[in-house]
Structure formats: structure tokens, C-alpha cells
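Working notes, beginning with the structure itself.
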Amino acid sequence: MSYKIVFSDIDGTLLNKDRELSERTIKTIQEIKDEIPVVLISARMPQAMRHLQKQLGIENQPIICYNGGFVLIDEQPVSSTAIPVQTIEELAKFNQNTNVHLSLYNGEEWHVPDYDYWAKREERNTKVTPSITHIDTVMNDWGKRELGAHKIMCMGEEDRIEEMFQFLNENYGDKLHVYRSKETYIEVANKQISKLTAIEYLLKNHFNLSIEETVAFGDNYNDVEMINGVGMGVAVANAREETKKVANKITDASIDDGVAKTLEELFLK
């Protein structure tokens, strides 16, 4: 099969031990980008992806944000699927007892309840500064604008996160994607979308390519469907076992330039 497009997850997949792009990764993608489109696909918000796009020289390509909940082409939203305000309000009510950090994301917006340990940690990781806004204020504003959350990030101590995880699965398992990206993190999105649905949307509406011509790289639970569904699904060596099981290929770890290594093998040899 002649592969014609690449989609890559970011955290745990593309970045090195310093959570940056390595020189090898930048060089490899810049060498292939004029012939092979490289599209970033992540749970991140747009602002947390653009500086990586710029480093790689792929600003002309679409970006898939929030695990497929928000897709941009030429900086314009072309697909948007969010969690309704009512659901967020119910989650906030439950959280009065659990008291985990709830980050709320819509498009270019990131709202946090306090500038606490979790907000500061995410700011360091993503190079984006949040807006400190009470959840009631966010819900009131989004309700007026008929918006919802493209992603909710729940962050906290393991026991509290476990309580939240159980609550979400028991009450919203049929409506929401709920996965633990770390023991202290839960990422929540609308169940109608996934990374694979966003890839399929772009292949059909923008690139005019088939799923069989697609290579995708990933590491975590939210990458399993994507890795399983594309022409060549590649898991990095540090990936979850569930991701490795469905991959066509397992490459080196993210900190050892696994993505760059496989791109070199596929397109530069």
C-alpha cells in the first residue's frame, strides 16, 4: 500500500522526554511535509497545538482538537461537537462533594475554577494560560451563546478521580467518552465523536483520500479506535497495551523518536 497522509497524536507519542519536539522529529516531518500531509490530532486545544505546527512547518494543514470534537481548516472551524451545558451542570453538582479540578474547554477558551496546582501544571505542559472563571459564570455565558464543552478535564487525587470516573461511567456511559489519560486525570468528550470520526471527515471533505492510505500514530486509550481503523496504525513502545494490541506496527518510544523513525522507514528510504 502507498500511504499518502499521516495523522499523529502529540502527548506520549510525538514529544520527547522534555515534552518538546526533537530535532530529528522536526527534520523528518519537514522533509516529507510537501509530499505527505502531516496532521496533528490531539485532546489538546488549538492554542496548545499551533506552536508545534509552526515548528514542524505544517501550519497550512488542518488540526484536529479535543479528540475530534473540534476540527479547523485554515483556522476556521469545520466540525464541532460538544457536551451540553445541562450535562456539565449535573457534573458540577456531583463535584461539590468530590471537589476535583474541572477544566472546561470550548474552541479557543479554557476556563479553570482556580489557578491551582492542576491549572499551573497544564499551563506548563501546553504553553497556554487559562481563564480563571467560576463554573456558574461559564455555564451562564455558554448557555446564552448556545455552546458546550468540547472537553472537560477532571484532575485530582487518585481516590477522588476514581469516584468521578465511576459516576461518569454509570450515569453518562452512553453519552460521553470517559477515559483516564493518567491515574490523576479524566478526559471527557461527547460520545458522538472520536479521533477516527474526525480523520474520516477530513479524508472525505478535504483530502479526498481513503482510510487505507492513512498512517496514524498514538499511545493512549483515546487512540485505540484510530489505530485500529486506519490503513497503518502505529503504536509507540510506551503505548497502553490496548493500543499496542490493535496496531499494525509498534515503533520506538516517544522519547526515542519512534514517530520519526517510522516516517523515515515509510517515506525516506
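Read-outs: derived from the displayed coordinates by stated rules, not from any lab. As the structure is a computational prediction, the values presented were derived from the model and not from experiment. Quick reminder, even Gly has a Cβ in these numbers, built from the backbone with ideal geometry, and neighbours come from all protein chains shown.
Some observations on this one:
- Residues whose amide H falls under 5 Å from that of residue 251, counting only those 5 or more places apart or on a different chain, are 235, 236, 237, with hydrogens built in the peptide plane.
- FRET efficiency for residue 74 and residue 252, using Cβ-Cβ distance with R0 set to 35 Å, rounded to 0.05: 0.55
- Summary: within the chain, the longest segment free of GluC sites (Glu not before Pro) located in DSSP loops with at most 15 other C-beta atoms within 10 Å is 184-269.
- Residue 143 sits among other residues whose Cβ lies under 15 Å from its own Cβ, and their net charge, with Lys and Arg +1 and Asp and Glu -1, is -4.
- Contour minus Cα-Cα distance for residue 23 and residue 123 (0.36 nm per residue): 33.7 nm
- Taken over the range 85-190, lysine pairs spaced eight or more positions apart, or on distinct chains, with alpha carbons under 19 Å apart number 7.
- A Förster radius of 35 Å combined with the Cβ-Cβ distance from residue 204 to residue 93 puts the calculated FRET efficiency at roughly 0.35.
- Max mean-square fluctuation residue, GNM over the chain, Cα-Cα springs under 10 Å, options 47, 61, 166: 166
- Ellipticity at 222 nm from helices only: DSSP H runs of n ≥ 4 in the chain, each -39500 (n - 2.57), divided by the residue count, give -11000 deg cm²/dmol.
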